[in-house]
1. Order of 482, 491 from fewest to most other C-beta atoms within 10 Å?
2. Starting with the highest mean, order 228-238, 471-481, 146-156, 441-451 by the number of other Cβ atoms within 10 Å, averaged over the residues of each peptide.
3. What does the extension gain come out to for residue 490 and residue 412, with contour length at 0.36 nm per residue minus their alpha carbon separation?
4. With r defined as the distance between the Cβ atoms of residue 318 and residue 176 and R0 fixed at 51 Å, what FRET efficiency is calculated, to the nearest 0.05?
5. How far apart, in nanometres, would the label points at residue 93 and residue 50 be if each is projected 7 angstrom from Cα along the Cα-to-Cβ direction?
6. For the residue pair residue 481 and residue 374, what label-to-label distance in nm results when each label sits 7 Å from Cα along the Cα-to-beta-carbon direction?
7. Per the Debye formula with a single identical scatterer at each Cα and no solvent contribution, what log10 I(q)/I(0) holds for the stretch 3-169 at q = 0.10, 0.12, 0.17 Å⁻¹?
8. Quick one, what does Rg over Rh come out to for the stretch 192-342 if you take C-alpha atoms and the Kirkwood Rh?
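Rule-based calculations on the coordinates, nothing more; no lab input. All of these numbers come straight from a predicted model, not from anything done at the bench. With ideal geometry, Cβ positions are generated from the backbone for all residues, glycine too; neighbour counts draw on all protein chains shown.
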C-alpha cells in the first residue's frame, strides 16, 4: 500500500495541496516521479538519494514510484524534496510514524541532508490552513514567514535527520510566533529635499490618495530624489494588503527584508527592461508590475522605455491586474500599484528651464513626448513640473516641521478614507470604483456645477472628469474638510495640466 505525505505547490500565486504517494516494488532499481512534475522536481532524485544516505539511512533497492496528485496540475520547484524523502523512508520501513496524514511537509534538501529555504511557502501554508491542516513542518530558513499565521502548529527543521527524529519521538514544541502587527506609519525624512515645496505637495496628495503621478523637469532638478522619498510617506499596509504582498514576495528571491520591514514594495526597473521582465509570465517569474502590487512602480527616464513597455501599462492601470498569455497558458496576476514616472520635457532636457536654452526643435519635442500615448496620459492622475532649485532656497531649514506636517496630514487622510470606504475592498480615493467615489463624494453644489461647466469648456474625457473629483476629494481630506469645495476643484485641475498646459 502506498505511503501518502501531504505537501503543496503554487500555481498562479495560489497554493495547491499535493498528495505525495510513494510505493516501492520489487524489481530492478529505478526511481520514477510521475504526476506532471517539472524539470526541477525530476532533478531532485539525486538530491534525495544523497540526502537520505548522508543522513544515516539506506536508500532502498527496488522500483521506487512517486506520484504527485492531482496529476493534472503542474508541480514546480524544490518544495517536494523533504516529503518525498520522508515517504521513501516510510515506504521502505526504515521508520514508523503515527498520524503522518495530519502533517503538511515542505522543504528543499541539500546533498548533505540540510533543509534549505523554499519559494512559495506562504500560499502553501495558507491553503493548508484553509483545508483544515493544523501541523506543518517547514524549513528553519523560512521562519520569518510563519509569524503571519496564527492558526496551526509550525515546526521549524534544519535537516532531514532532525525531522525524522521529531516525527518518531515528537520531542519538539511548535515554534514560538510573535503576534503579527502592522507597524504605524513611519514618519518620512524629507530634510534633503530643498526648495521644492510645490512638488512635495504633489507627492503628498499622490501618497495620501494613491494617485498616479508624473514628474517632469530639467536634469538635476531632483525628480529621482523626490520620487524615491514617496515610499517613506506612504500609509502603512492593512492586514489584507500585507497578505497579498507577502504571497507575491514569497515567490521571489530576497524576500526576507520586505517581510521583516513590512514596508510597501518600491520597484524601480531600468529603462532598458523588456516587456517580459515588466509583465512577467516567463517560466513562472513575476514581473515588476506584479512585484509593485500595493506599492510603488517608479519608472525613471520614462520616455526611454520601449514603446511596447509603456503601452503594457494600460491594462494594469485600468483593471489593477494583468492577464498574460504565454505558451498556451493564461495567467491573471494582481497589479494594483501607484505609478510614479519621471522624465525630461525634451531630448536635451532644458525645455521650460529659465536658466538654460533648449537646443531641440519643436518637431523633436513633439516626437519625444508622443511616446506617451493619449490613453496612458489619461490614466495618470497628476502632472507636476519640477523646477530648478533657486540658490536662496538652499539656506532655508524648515524641513523637519514640513516633514512632520506632511506625514500627519497623510495619516489623517488615510484614516478618513479607511472609515469612508470601510465596506470596500480598496480604501483610497484613487483606487475605489467610480460608483463608490460618487456615493461618498460629499461635494458642495457650486463646486459640482463649476466642474460640470469645465467638463464642457475644457473638453474633458469622462475618465479625466472623475480623476479631478478623486484628486479633489483627497485634497479636501488632507485639509480636513468634510465637504469638497471649488478651491479643491481648482487645485486638482492644476495637477491635470501636462506640458502643453492642456487640461487632460
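1. Values: 482 8, 491 17.
Lowest count first: 482, 491.
2. Numbers: 228-238: 19.3, 471-481: 22.4, 146-156: 17.3, 441-451: 15.5.
Peptide ranking by packing, descending: 471-481, 228-238, 146-156, 441-451.
3. Details: separation 78, 0.36 × 78 = 28.08 nm, distance 2.22 nm.
25.9 nm is the gain from fully extending residue 490 to residue 412.
4. Working: r = 45 Å, r/R0 = 0.88.
The value I calculate is 0.70.
5. Using points 7 Å along Cα→Cβ, the separation is 3.1 nm.
6. 3.2
7. Each listed q maps to, in turn, -0.32, -0.46, -0.97.
8. On the way: Rg = 15.5 Å, Rh = 16.1 Å.
Dividing the radius of gyration by the Kirkwood radius yields 0.96.
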